[in-house]
Amino acid sequence: MQWQQEVSLKTLNTFGFESVAQRFVELKSNDDVIAVAQEVEECPQPLLILGGGSNLILAPRIPGVVAKMAMTGREVDQVSDDEVLVTFGAGENWHQVVAWLLENGFFGAENLALIPGVVGSAPVQNIGAYGVEIKDLLESVEAYDREYGEFVRLDKAECEFDYRDSRFKRVPERYIITRVQLRLSRVPTLKLDYAGLRSAVSETPTPQEVFDAVCRIRREKLPDPAVLGNAGSFFKNPVIDEQRFEALKLQFPDLVSYPDKDGVKLAAGWLIDRAGFKGVRRDGVGIHDRQALVLINTGTGTMGELARLAGEVQRAIKQMFGITLEPEPRFYP
Ligand code: FAD
Ligand code: NAP
């Protein structure tokens, strides 16, 4: 293990913010994970587990240790003629994993193509897109439990998944995820009911066609973090009860909404657009011209500037619609 001091994280977070880690190390094995956990236990200091940095907003200086997850590995277990279990090291690139599953005829992850980041972070916010969430595929998670100092295996129920949420997000310092096991089907079952997806494929699409369509739509709509710093959707879509929805709908007849298990889900991007924020610029940050849910770094942005803009948006949405928007990425520290 190679410990480094004062390491720049500018290229390791998709906002591209200037940020320096006091100490930095890569995790390539279970032994590395134990060593880092023991180090911060014996000499108490903060520990940030870093994946691809695509759901994090970093301060200019990160105290303590930043440990970049770099564990690799792909293992296939045949469980029946129709299903396989595949276990991935937490440092494997998520999109490459989705493409590899498809190449091998293991289906179910196509809608989750082109989501940045690594496998170990995917359960943290229960990544989701186009009507599929990782919880739909997840069998179990292997993690180092810092509270008890041991490796544990959590099944799906123990991960307590919810909309862009999980046990790992709610207690962010406790678990270091090392491996993720997915259950895939050899028989394609396509999910095409999301806005724009069905019309982007043929009448009898293959999983490859769905994968290609998802990649195409995402490339058209979303800014590439390599060109324009961002962390994808900045706010979660709010869910409100039927009564409040009916009242809002009277006031805003073109309100974009979807049925949800807990009430009615509103498209946060629509609310922000309607409040007039699409394309605005404040200092070194702004809101994307094509997708109002995406906050961007226009080049010189900082966490402080982004927090101010996010606050301005939240206050405006609260005033106009009476709705509280909750940020999706984590501000650190
Ligand atoms: P990071 O940002 O590095 O980390 C995120 C959090 O997980 C941090 O709190 C970190 O400490 C923790 N963490 C990371 N690894 C571990 C580990 N091994 N053990 C414990 N904790 C860990 N998200 C979606 O859900 N759907 C989308 O469609 C989507 N599209 C996106 C599009 C763009 C252009 C961008 C920039 C982001 C998008 N995101 C999307 C958000 C983001 O890509 C996902 O949340 C992704 O899973 C984050 O992965 P990461 O490796 O970059 O995590
Ligand atoms: P979109 O297709 O323009 O749709 C806007 C919103 O409406 C989405 O946020 C989505 O909610 C919701 N929606 C659309 N069709 C729906 C349906 N049939 N049933 C229920 N909800 C529906 O959104 P987009 O921005 O281009 O994103 C497309 C997909 O990629 C979405 O699933 C989105 O979550 C995902 N994505 C996520 C991020 C991120 O950082 N989290 C970034 C980019 C894209 P949901 O968000 O709840 O799915």
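Each value in this text was obtained by applying a stated rule to the coordinates, not by laboratory testing. Since the model is a prediction, treat every value here as computed from it, not as a measurement. Neighbour counts run over all protein chains shown; Cβ positions are idealised from the backbone, glycine included.
Pop a pseudo-label 7 angstrom from the Cα along the beta-carbon direction at both Gln208 and Phe151 and give the gap in nm to one decimal.
Inter-label distance under the simple model: 3.7 nm.
Applying 1/(1 + (r/R0)^6) with R0 = 30 Å to the Cβ-Cβ distance of Ala275 and Arg170, what FRET efficiency is obtained, to the nearest 0.05?
The calculated FRET efficiency here is 0.55.
Give me a comma-separated list of calculated 3J(HN,Hα) values for segment 271-288, in order, Karplus coefficients 6.51, -1.76, 1.60 applied at θ = phi - 60°, integers in Hz, x for any Gly or Pro.
4, 5, 4, 4, 7, x, 8, 4, x, 5, 10, 9, 6, x, 10, x, 10, 4
Post the alpha-carbon centroid distance, segment 133-153 to segment 46-97, in whole angstrom.
Cα centroid to Cα centroid, the span is 12 Å.
About its Cα centre, how strong a charge dipole does segment 73-133 have in debye, to the nearest 20, once Lys and Arg get +1 and Asp and Glu get -1 at the Cβ?
300
Given the peptides 284-295, 237-248, 261-272, arrange them by the average over their residues of other C-beta atoms within 10 Å, most packed first. Spell out each step's value before the answer.
Working: 284-295: 21.1, 237-248: 14.8, 261-272: 18.9.
The peptides rank, most packed first, as 284-295, 261-272, 237-248.
Could you work out the relative contact order of the chain? I mean the mean sequence separation of Cα pairs under 8 Å and 6+ apart, divided by the number of residues, in percent.
Relative contact order here is 16 percent.
Quickly estimate the mean residue ellipticity at 222 nm for the chain, helices only: each DSSP H run with n ≥ 4 gives -39500 (n - 2.57), and the total goes over all residues, rounded to 500.
Estimated from H runs of four or more residues: -7000 deg cm²/dmol.
Between Met1 and Arg198, what's the calculated FRET efficiency when r is the beta-carbon distance and R0 is 35 Å? Round to 0.05.
0.10
Which ordering of Phe234, Phe331, Phe106 is given by a fewest-first count of other beta-carbon atoms within 10 Å?
By the 10 Å Cβ count, ascending: Phe331, Phe106, Phe234.
What is the dipole size for segment 1-55, taken about its Cα centre, with +1 at each Lys and Arg Cβ and -1 at each Asp and Glu Cβ, in debye to the nearest 20?
It comes to approximately 240 debye.
Along the charge dipole of segment 1-71, Cβ charges K/R +1 and D/E -1, which of Leu48, Gly64, Phe17 sits furthest on the positive end?
Result: Phe17.
For Asn30 and Asp262 in one chain, what is 0.36 nm times their gap in residues minus the Cα-Cα distance, to one decimal in nm?
The span from Asn30 to Asp262 would gain 79.6 nm if fully extended.
Where in segment 1-59 are there chymotrypsin sites (Phe, Trp or Tyr not before Pro) that are in a DSSP coil and have at most 10 other Cβ atoms within 10 angstrom of their Cβ?
Counting only loop positions with at most 10 other Cβ atoms within 10 Å, none of the chymotrypsin sites (Phe, Trp or Tyr not before Pro) in segment 1-59 qualifies.
How about Lys249: which lysines have a C-alpha closer than 23 Å to its C-alpha, ignoring those fewer than 8 places off in the same chain?
Lys236, Lys261, Lys265, Lys278, Lys318
Neighbour counts of other C-beta atoms within 10 Å: give me Glu142, Glu173 arranged from fewest to most.
Glu173, Glu142
Show me the helices of the chain, taken as full DSSP H stretches, that run 27 Å or more along their long axis by Cα and average 1.0 or above in Kyte-Doolittle hydropathy.
Membrane-span-like by this rule: not one helix.
About its Cα centre, what dipole magnitude does the chain give when the only charges are +1 on Lys and Arg Cβ and -1 on Asp and Glu Cβ, stated in debye to the nearest 20?
The dipole magnitude comes to about 1260 debye.
Along the Cα→Cβ direction, 7 angstrom out, place labels at Arg315 and Arg330. What is the inter-label distance in nm?
Taking the simple label geometry, Arg315 and Arg330 are separated by 2.8 nm.
As a footprinting exposure proxy, order Phe161, Phe168 by other Cβ within 10 Å, with the fewest listed first.
Phe161, Phe168
Quick one: grab the alpha carbon gyration tensor of segment 241-309, order the square roots of its eigenvalues as a ≥ b ≥ c, and give me rounded if a/c is under 1.5, else prolate or oblate depending on whether a/b is larger than b/c.
Details: a/c = 3.10, a/b = 2.45, b/c = 1.26.
Prolate, because a/c is 1.5 or more and a/b exceeds b/c.
Order the peptides 120-132, 198-210 from the highest to the lowest mean number of other Cβ atoms within 10 Å of their residues.
With the highest mean Cβ count within 10 Å placed first, the list reads 120-132, 198-210.
Extending each Cα 7 Å along its Cβ direction at Glu18 and Val79, get the distance between those two points in nm, one decimal.
Taking the two extended label points, one gets 5.0 nm.
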